[in-house]
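Every number here is computed from the coordinates shown, using simple stated rules; none is lab data. Just so it is clear, the structure is predicted and the values come from calculations on it, not from any experiment. Cβ: placed from backbone, ideal geometry, glycine included. Neighbour counts: every protein chain shown.
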Amino acid sequence: MVHRFRCVGEAEDGTPCGGEGPESSDFATAQKWPAEHLRDEQGHRSYEHVARTPWLMVPKEEP
C-alpha cells in the first residue's frame, strides 16, 4: 500500500490548495507532510489520506 496526504484547505482567494505530500509505503513517513504544510499554511487544516493498493489480476489462461 502507498500512502499520500492531500490538502483540501483553501487559499485566501477561495481556490483549493491541492497541495500533496510525497507517496510513501510507510504511513508514518507520509503523515509528516501535513504537519509541515500546516506550519507553512496556518489556515490549511483539512487533509485527506489517499491510499493506493496495487492489485494484479492474472487470467486463468493467457490469451
Electrostatic dipole magnitude of the chain [Cβ: Lys, Arg +1; Asp, Glu -1; Cα centre; debye, to 20]: 260
Selected from Cys7, Pro34, Ser24, residue furthest toward positive end of dipole (the range 2-52; charges at beta carbon): Ser24
Ranked Val58, Val8, criterion: other C-beta atoms within 10 Å, fewest first: Val58, Val8
Per-residue Cβ neighbour rank within 10 angstrom, fewest leading, Trp55, Trp33: Trp55, Trp33
